[in-house]
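The values are calculated or read from the model by the stated rules, or taken from the named source; none is laboratory data. All values reported here derive from a predicted model rather than from experimental measurement. In this analysis, Cβ positions are derived from the backbone assuming ideal geometry, glycine residues included, and neighbour counts consider all displayed protein chains. SASA here: full protein model, heavy atoms, side chains in, ligands and nucleic acids out. Shrake-Rupley method; radii C 1.70, N 1.55, O 1.52, S 1.80 Å.
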Amino acid sequence: MLSRVFAFVLMMSAAAPGVAQDVDPVPVTLPGSDFVPSIAQDQAGVMWIATQGGLLRYDGEDARLYTHDSLDAASISHNYIEEVYVDRSGTLWVGTYGGGLNRYIPDTDSFERFRHDPDDPRSLNHDNVAAILEDRNGVLWVGTRGGLNRLDRSRGGFERFEHDPQDPTTISNNWARALHEDSRGRFWVGTHGGLNLFDRNDGTFTRFTHDPDDPTSLIEGRVSAIHEDDDGRLWVGTGRTTGGLNVLDVEEGTVRRYRFDASASDWPADPRPSGPWTGGGVTAIEQDVDGTLWFANWEGWVTGFDPSTNRAVNYNVRELTEAPEAHPFTIFQSDDGTLWFGSVYGPLLRSASP
């Protein structure tokens, strides 16, 4: 298996003349690392990796897996970790799929839990946590399958923002999957019912949704990734088995679509991917230290796009590894510039430090 992963990363390095950063081969094998939906790094340089079997701590040499213990209230609340996030104070927040939100307490090597309580309107509105973000004002936001939550750090509760079908100024859908604050301080929320521009002053949302009759709307309604590039363009990844990339013109309220199709004239791929093209949505977007934009595609592809040359190279994770069901799901750049690629049902890969 390791030799196949090594060969995959080597091919990425050798076959990418249009991509700014070379990718040198460093395979990573860690406990549970064949199911990685999220990666973070703390201020000490320790990597925290979300897996389906617990929270993985990796310092570059040793790995430790934190798992749920039903007899220990200070253990992590659930083994299925969906999101990890380190805020500016260095606090590690862990979102689970079914166990709510956790705050890691390093002094005691334990976890504080924030769970949904149907009898408490100030509790987390759902125990499936999909996204976490601290904004420039130090406010922590949590996206769940029940909507958006704002943590009141002083009082310990949450303020909820949820979809109301009778109010078009509410969030467009309660499954809040992606959170992003851009360079102008605008706050974006990606849901399974479109993209939302959130006004934190009055609590209202402006919606950007999919319209099958409007080619300038989002390709698909499920938003999984939002990223502002170095030139100020807002990239939006949508869909799963269908979907693609969108670049939003905020002032006009329109998008330019990049659909994952080998025959599409507006997808600047060079060379074209070999083999059958299966399409699929975009699950992660990251820009590396050299300016290359990286996209993860649910149907097994990782793409490096150089906006300075308008060229892209596509790599099929499924064909080049022993992971036919791999769904690339997260891309993370650590402090030293290393790129980490995590997949659902696929290998964990990383580049060498630049």
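Can you tell me which residue is most open to solvent (accessible area, probe 1.4 Å) among those in region 171-188 that are out of contact with any Phe, Trp or Tyr (no Cβ under 6 Å at 6 or more places or on another chain) and within 11 Å of residue 206 (Cα to Cα)?
172
One line per residue, one yes/no per condition, for (1) at pLDDT below 85; (2) open to solvent by 10 Å² or more (accessible area, probe 1.4 Å):
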{"residue": "312", "(1), (2)": "yes, no"}
{"residue": "317", "(1), (2)": "yes, no"}
{"residue": "327", "(1), (2)": "no, yes"}
{"residue": "330", "(1), (2)": "no, yes"}
{"residue": "337", "(1), (2)": "no, no"}
{"residue": "350", "(1), (2)": "no, yes"}
{"residue": "353", "(1), (2)": "yes, yes"}
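Within region 57-93, which residues are open to solvent by 40 Å² or more (accessible area, probe 1.4 Å) and on the phi > 0 side of the Ramachandran plot?
Correct list: 60 only.
I'd like to verify a number: residues in region 163-190 that are under 17 Å from residue 85 (Cα atoms) and outside any strand (DSSP E or B), how many?
The qualifying residues number 0.
Of everything in region 220-246 that's in a loop (DSSP other than H, G, I, E, B) and within 18 Å of residue 328 (Cβ to Cβ), which residue is least open to solvent (accessible area, probe 1.4 Å)?
Looking at the filtered set, the residue picked out is 220.
Yes or no: residue 136 among the basic types (Lys, Arg), under 17 Å from residue 76 (Cα atoms) and modelled with pLDDT of 95 or more?
So residue 136 fails the test.
For region 197-212, does any single residue satisfy the condition of being open to solvent by 30 Å² or more (accessible area, probe 1.4 Å), outside any loop (DSSP other than H, G, I, E, B) and under 24 Å from residue 91 (Cα atoms)?
no
What are the residues in region 206-244 that are touching a Gly at 6+ places or on another chain (Cβ under 6 Å) and aliphatic (A, V, I, L, M), if any?
219, 223, 225, 226 - these are the residues of region 206-244 that are touching a Gly at 6+ places or on another chain (Cβ under 6 Å) and aliphatic (A, V, I, L, M).
I'd like to verify a number: residues in region 26-59 that are within 21 Å of residue 285 (Cβ to Cβ) and among the hydrophobic types (A, V, I, L, M, F, W, C), how many?
Matching residues across region 26-59 total 8.
Collect the residues in region 34-56 that are surrounded by 22 or more Cβ atoms within 10 Å (Cβ to Cβ) and either part of a loop (DSSP other than H, G, I, E, B) or basic (Lys, Arg) (or both), keeping them in residue-number order.
Those that are surrounded by 22 or more Cβ atoms within 10 Å (Cβ to Cβ) and either part of a loop (DSSP other than H, G, I, E, B) or basic (Lys, Arg) (or both): 36, 37.
Do we have any residue at all in region 316-332 that's touching a residue at least 12 places away in the same chain (Cβ under 8 Å), under 15 Å from residue 290 (Cβ atoms) and out of contact with any Pro (no Cβ under 9 Å at 6 or more places or on another chain)?
Yes - at least one qualifying residue is present in region 316-332.
If a residue must be of a type in the set (A, V, I, L, M) and more than 19 Å from the chain's Cα centre (by Cα), how many such residues does region 96-135 contain?
The qualifying residues number 2.
For region 250-300: of the residues being of a type in the set (D, E, K, R), open to solvent by 30 Å² or more (accessible area, probe 1.4 Å) and over 21 Å from residue 194 (Cα atoms), which is modelled with the highest pLDDT?
290
Do you know which residues across region 80-139 are farther than 25 Å from residue 45 by Cβ and basic (Lys, Arg)?
Selection gives 113, 115, 122.
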